[in-house]
Amino acid sequence: LSSISISTCPPHSFCHVFVVFLLLYSLCIFCFFFFLMIRRPPRSPLSSSSAASDVYKRQVSTQSTGNIEAAKTVASLISSTLGPNAMMKMILDPMGGTVMTNDGNAILREIDVVQPAAKHMIELARAQDEEVGDGTTSVIVLAGEILSLAQPLLERQIHPLKIVKGFTLALTDALKVIEEVGIKIDLNEPASVKEVVKTCLGTKFGSRELDLMTNLAYDATVRVTRVNAVTNHKDIDFKRYAKVEKIPGGDINDSVVLDGVMFNKDHIHAGMRRHIENPRILLLDTALEFQKGETAVNVEITSDTDYDKLIQQEEEYIRKMCKQVIALKPDVVITEKGVSELAAHFLMKAKITCVRRLRKTDNNRIARATGANVISQLSDASEEDIGKGAGLFEIKKIGDEYFTYITGCPAGSACSIVLRGASKDVLNEMERNLHDALAVTRNIFLEPLAVLGAGALEMEIACRLMENSRTMTGATQVSYQAVAMSLEVIPRILAGNAGANVIRVITDLRTRHTEKGGQQWGIDGVTGEIVNVNDIKVVDPAAVKNQALKTAIEAACMILRVDDVVSGVSVKDDRTQKKAAPAGAEDGGDIGPVQEQ
């Protein structure tokens, strides 16, 4: 085309100049790109790994965000159940029943979640309840707040391990603060111990009968306490030897701790005695009936006297067993197995009262209360196995059921706690409250150290950690400060549930704790005002606070170290795969459907 244009156009014409300009322009562009190709640096072999690293960082960030959102959702679920003005939750079970409670562990164990991090949060409440019995709501709220404040650090591309390092340093310093501000409790003064128990019950449904519930918890704990004479170690097993018996009806003030045991059983023969003073009690782990074969046994009868011989052999076997029992001269025989009608007849003739099919746990409590030994073979029974520590054996009818009382056991270390109430819902909630009170009393007996409550301890630790963080730098400082700021969530929720101005109250409380000698200032959970905690007598066991901090911070560290969730469930079809795949592993924050279990 250029040749044609040049030949057809006159010299120095416009067309000729234009074509020459295009040729020069194309040459310049070609030279420019050629120059760029020559000066281009060689491709680094690490470029592909760098891109993969960016993808991995985005994946870790997405998974961490999902876990943090799940933890925050679980914490927000029970935050309203903290403090004296705590609200209650009504939970529907699969059978159509309802559970009404404000206990954090009782609420979380009834719900079903899909997200793995949310399941881990629920396990924190169970671990806290098994270890110290109280502080289940606080540990969930604190763990959720720590993770919430760790989220901005992850968004700033701070590595999770650096955040975990700061969290660990903050935990160590926080535990030192608890030791410094701890208050020694004199176990010889019951009033000091009861003040701690009242603080535990003050945030629960049982606070309306505060003195009664406190006395029940204290008396039961003292009753089941055993001290080793050699090591001076205290054995307080209230779960096994202090059983709560709930009897609907009556007034709650009728609740009492028995100086013995009680169980829901009646004797087996109408002619047996129901009232025996200073009884001799024999406890058995064997049946008073003819021993049946372990497999099917066929007996062939050839004459009319063979069947009578079988009956006579069975009668002689039972008569021999009853003679062995009668030879020990007991007044009461209690067995975990069955008792035949013939054996009941022989025992009634000997004026012996018999109770059968008792739970093994109840039998062990009777043995510990009366000093008896549980016998597995009647041939090995002796006079030393008879329990003589009870003052009264009595069978009472309450409502439509019979209850057996074995009381008057001054040397026994087992007891029954009889709870009376208007309805089963009230009794169930009172039992949960009493369990927490028993655990707190046990903690004080084992470790007589208490700390100020009402948010005073948390704010004091927060202020000291913030002051310590001034000597740090970098990622360790910001993660250390995150733990300090997260501790303020406890007084913040107390003020919010009381209807106070949260920002103003928390700012004032923080200012007072920064001053010298201001560690006694806390928040009145009823009015929302800042008060001297020593005046309102709100003290918590140091063991509960220690365990709550350890559990919350360590759980937050574990969740932050998770970079992916892998399902170990084999799937067969798409439907099963959708159910087995952890919700939130891809999209992040949803904990899945929350269902009542």
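The values are calculated or read from the model by the stated rules, or taken from the named source; none is laboratory data. Keep in mind it's a predicted model, so treat the numbers as computed, not measured. Every residue, glycine among them, receives a Cβ derived from its backbone with ideal geometry; neighbour counts consider all protein chains shown. Side chains are part of the model used for accessible areas, which takes the heavy atoms of the whole protein and leaves out ligands, DNA and RNA. Shrake-Rupley method; radii C 1.70, N 1.55, O 1.52, S 1.80 Å.
Give me the residue from the stretch 320-348 that is outside any loop (DSSP other than H, G, I, E, B) and open to solvent by 80 Å² or more (accessible area, probe 1.4 Å) and, out of that set, nearest to D362 (Cα to Cα). By that ranking, first place goes to E341.
Would you confirm whether any residue within the stretch 458-477 is at positive phi and crowded, with 17+ Cβ neighbours inside 10 Å? Break it down into steps so the answer makes sense when it comes.
Filtering the stretch 458-477 for residues at positive phi gives 474.
Checking the rest, the ones that are also crowded, with 17+ Cβ neighbours inside 10 Å come to none.
So far as the stretch 458-477 goes, no, none of its residues is at positive phi and crowded, with 17+ Cβ neighbours inside 10 Å.
Among the numbered conditions (1) more than 22 Å from A170 (Cβ to Cβ); (2) in contact with a strand residue (DSSP E or B) (Cβ under 9 Å, 6 or more places away or on another chain); (3) of a type in the set (A, V, I, L, M); (4) not in a strand (DSSP E or B), the only one that I503 does not meet is (2).
Go through the stretch 69-86 and give me each residue that's of a type in the set (S, T, N, Q), more than 12 Å from S138 (Cα to Cα) and in a helix (DSSP H, G or I).
Let us first name the residues in the stretch 69-86 that are of a type in the set (S, T, N, Q), namely 73, 76, 79-81, 85.
So of that shortlist, the ones also more than 12 Å from S138 (Cα to Cα) come out as 73, 85.
Hit for the stretch 69-86 is T73, nothing else.
Return the residue satisfying two criteria in turn: it lies in the stretch 394-406 and is over 33 Å from the mean Cα position of the chain (by Cα) and either open to solvent by 20 Å² or more (accessible area, probe 1.4 Å) or of a type in the set (D, E, K, R) (or both), and of such residues it is nearest to L212 (Cα to Cα). Here the answer is I398.
Determine whether V505 is over 20 Å from Q157 (Cβ atoms), in contact with a helix residue (DSSP H, G or I) (Cβ under 8 Å, 6 or more places away or on another chain), open to solvent by less than 30 Å² (accessible area, probe 1.4 Å) and in contact (Cβ under 8 Å) with a residue 60 or more places away in the chain. Working first, answer last.
Working: over 20 Å from Q157 (Cβ atoms): yes; in contact with a helix residue (DSSP H, G or I) (Cβ under 8 Å, 6 or more places away or on another chain): yes; open to solvent by less than 30 Å² (accessible area, probe 1.4 Å): yes; in contact (Cβ under 8 Å) with a residue 60 or more places away in the chain: no.
The answer is no for V505.
Scanning the stretch 224-237 for residues that are open to solvent by 40 Å² or more (accessible area, probe 1.4 Å) and touching a residue at least 60 places away in the same chain (Cβ under 8 Å), we see that the one that is nearest to E447 (Cα to Cα) is K234.
Please tell me if R319 is without any contact (Cβ under 8 Å) to a residue 60 or more places away in the chain and of a type outside the set (S, T, Y). Working first, answer last.
Details: without any contact (Cβ under 8 Å) to a residue 60 or more places away in the chain: yes; of a type outside the set (S, T, Y): yes.
Criteria met by R319.
From the residues in the stretch 253-278 that are assigned to a loop (DSSP other than H, G, I, E, B) and touching a helix residue (DSSP H, G or I) at 6+ places or on another chain (Cβ under 6 Å), which one is nearest to L434 (Cα to Cα)?
Taking the stretch 253-278 as the starting set, the residues that turn out to be assigned to a loop (DSSP other than H, G, I, E, B) are 255, 258-260, 264-274, 278.
Retained after the next criterion (residues that are touching a helix residue (DSSP H, G or I) at 6+ places or on another chain (Cβ under 6 Å)): 260, 268-269, 271-272.
Details: G260: 18, I268: 33, H269: 36, G271: 39, M272: 36 Å.
Within the stretch 253-278, the match that is nearest to L434 (Cα to Cα) is G260.
Quick check on the stretch 272-290: of everything there that is open to solvent by 50 Å² or more (accessible area, probe 1.4 Å) and of a type outside the set (D, E, K, R), which residue is farthest from F346 (Cα to Cα)? If we take residues in the stretch 272-290 being open to solvent by 50 Å² or more (accessible area, probe 1.4 Å) and of a type outside the set (D, E, K, R), then N278 is farthest from F346 (Cα to Cα).
Can you find a residue in the stretch 25-34 that is in a loop (DSSP other than H, G, I, E, B), surrounded by fewer than 21 Cβ atoms within 10 Å (Cβ to Cβ), of a type outside the set (D, E, K, R) and at pLDDT 75 or above? Taking every residue of the stretch 25-34 in turn, none turns out to be in a loop (DSSP other than H, G, I, E, B), surrounded by fewer than 21 Cβ atoms within 10 Å (Cβ to Cβ), of a type outside the set (D, E, K, R) and at pLDDT 75 or above.
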